[in-house]
Amino acid sequence: MIQPDSLLAAVGKDAKAAALAHVDAAARAAAEIPDIPPDTPLRPIHRAGIIGAGTMGGGIAMSLANAGIPSILIDQSAEALERGLQRIRDNYAGSVKRGRLTQAVVDQRLALIRGATALESLSDVDLVIEAVFEDLALKQEIFRQLDRICKPGAILATNTSGLDVDQIAAVTTRPQDVVGAHFFSPAHVQKLLEVVRAAHTAPEVIATLMDLGRRLGKISVLSRIYPGFIGNALFRNYTREAHFLLEEGALPHEVDAALTRFGYAMGIFAVHDLAGNDVGYQTRKAQIATRPNDRRYNDIILHLCDLGRLGQKTGKGWYRYEKGDRTPHRDPEVEQFIIDYSAKLGIERRPISDDEILKRCLFGMINEGARLLEQGIALRASDIDIVYITGYGFPRQHGGPMYLADRLGLDKVYADIQRLHREQGGSYWEPSPLLARLAREGGRFADL
Ligand SMILES: NC(=O)c1ccc[n+]([C@@H]2O[C@H](COP(=O)([O-])OP(=O)(O)OC[C@H]3O[C@@H](n4cnc5c(N)ncnc54)[C@H](O)[C@@H]3O)[C@@H](O)[C@H]2O)c1
């Protein structure tokens with residue numbers, strides 16, 4: 001097992017330099033796809049259509065405009081469209097105010113974004129990116145219409161966060177043109193693009209999307225279909241364990257302190273408060289009635305929302321906030337709520353060390369990363385690292401979760417995961433067979 005506190009041991013200068021070199025190499029390697037040669041002809045992308053002028057659609061339109069690509073932004077009503085366009089104007093006005101862009105440049109970019117309310121306007125675009133609500137039936141209905149409206153060869157992409165892209169492609173007569181383009185919020189700022197390869201996506205469609213990410217100044221990483229793709233699959237493990245730690249005895253500031261000492265710029269609970277604790281609330285509430293009841297769920301965040309503690313936007317969440325100030329302050333009210341919640345679950349609270357916090361939060365991600373590799377969801381361990389560094393704030397100096405695991409020694413990581421599996425029971429900590437094999441053979445993820 002890994003010695004206590006080893007995860008918090010300062011990373012030496014040489015180790016840090018090696019990790020940073022790994023991150024650079026990982027970013028380059030992500031562009032290489034073994035069965036798609038670099039000289040694969042790309043489909044030209046001169047004009048795009050975006051469906052849904054909400055948070056993501058607006059950000060994607062800005063990202064395209066920033067790269068000089070004109071787009072038609074669609075929403076279902078004139079009001080929704082105008083709201084979306086106004087948010088874009090406001091965002092750009094903010095950049096002018098902060099001195100990042102001149103008004104002339106902003107005017108040029110705004111001129112590249114045209115609004116419309118009819119999908120028929122997309123008959124001549126080279127690429128469509130759908131960003132409507134996360135609802136399979138709605139997305140399928142849109143793709144049925146796109147299949148009828150769009151010109152042959154147009155790429156039909158969905159920004160779904162986790163729906164099965166094959167089920168969306170299946171309603172069209174051209175599944176070879178359908179692909180996932182998972183942007184991160186805010187899409188005009190975040191540097192990660194997960195390109196999701198469905199069963200029938202054509203190689204040149206993947207090559208074109210990977211290249212589009214590069215044109216937009218992003219790092220594109222290829223993922224196969226999997227719940228949450230690469231990034232959110234790992235993130236699910238990270239947040240679940242952080243929430244369980246609260247139930248077992250830790251408080252939000254203790255978990256966050258361990259994570260920031262490890263190198264994260266913000267702890268997970270401060271991140272939740274920033275993003276809004278209600279992200280995914282409706283979906284998760286709706287799942288409660290039908291989800292399997294053979295496991296433990298991290299529902300505490302749902303209860304926080306029911307209390308109106310949505311995060312910074314309501315002045316309280318896992319912390320409390322002074323008006324106009326984003327500094328998190330401990331809040332005895334939420335801490336008492338957490339303590340009572342443990343009692344309600346019948347859990348006797350205990351002191352939890354930084355070492356346990358880190359292992360619970362990080363090793364679940366590593367185990368999930370190993371599963372992604374054994375199932376071929378991610379092409380290589382370094383792709384998982386780059387997703388985590390670019391999209392989820394994983395500290396660069398540790399090189400990414402899979403690199404960290406290699407550095408700690410997979411035999412030691414595996415021993416800890418086996419112990420956690422024994423202690424926690426259930427399926428979450430079931431060790432990945434790939435991890436078990438590598439641990440036995442003295443192997444590394446990097447050598448796969
Ligand atoms: N918000 C995020 O952080 C995030 C990150 C990655 C991916 N996603 C995914 O992106 C998609 C959009 O998410 P969002 O956060 O931008 O949602 P949102 O609610 O902000 O925006 C959705 C927009 O789609 C419009 N819309 C709904 N039905 C429509 C229709 N039939 N025709 C045209 N427009 C329609 C709505 O009016 C709304 O403006 C979802 O699939 C979501 O899972 C979201």
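Each value in this text was obtained by applying a stated rule to the coordinates, not by laboratory testing. This one's a predicted model, so the numbers in the text were calculated from it and none came from an experiment. Don't worry about glycine lacking a Cβ; one is built from the backbone with ideal geometry, like all the others, and counts go over all protein chains shown.
Note on segment 325-407: percent of Cα-Cα distances in each 5 Å bin, starting at 0 and stopping at the bin with the largest distance, equals 3, 12, 16, 16, 13, 11, 13, 12, 4, 0. Measuring nothing but alpha carbons in segment 48-224 and taking Rh as the Kirkwood radius, the Rg to Rh ratio lands at 0.95. Judged by the ratio a/c of the largest to the smallest principal axis of the C-alpha gyration tensor, segment 231-286 counts as prolate, that ratio being 1.5 or greater while a/b is larger than b/c. The calculated 222 nm mean residue ellipticity attributable to helices in the chain amounts to -15500 deg cm²/dmol, summing -39500 (n - 2.57) over DSSP H runs of n ≥ 4 and dividing by all residues. Partner lysines whose Cα lies under 21 Å from the Cα of LYS191, excluding those fewer than 8 positions away in the same chain, are identified as LYS218.
Estimated from the Cβ-Cβ distance and a Förster radius of 25 angstrom, the FRET efficiency linking ILE288 and GLN167 is about 0.65. Modelled spin labels at ALA25 and LEU307, positioned 7 Å past Cα toward Cβ, are 4.7 nm from each other. Here each label is just a point 7 Å from Cα along the line to Cβ, and for ARG144 and LYS191 those points are 4.2 nm apart. Full extension of the segment from ASP325 to GLU374, taken as 0.36 nm per residue of separation minus the current Cα-Cα distance, would add 13.1 nm.
Cross-link partners for LYS285 among the lysines, with Cα-Cα distance under 26 Å and sequence neighbours closer than 8 places in the same chain left out: LYS139, LYS313, LYS316, LYS344.
Every pair of different Cα atoms in the chain enters the Kirkwood calculation, which places the hydrodynamic radius at 23.2 Å. Extension gain, GLU441 to GLN336, is 33.1 nm, computed as 0.36 nm per intervening residue step minus the present C-alpha separation.
Per-peptide packing, taken as the mean over residues of other Cβ atoms within 10 Å, places 389-396, 65-72 in the sequence 389-396, 65-72 from highest down.
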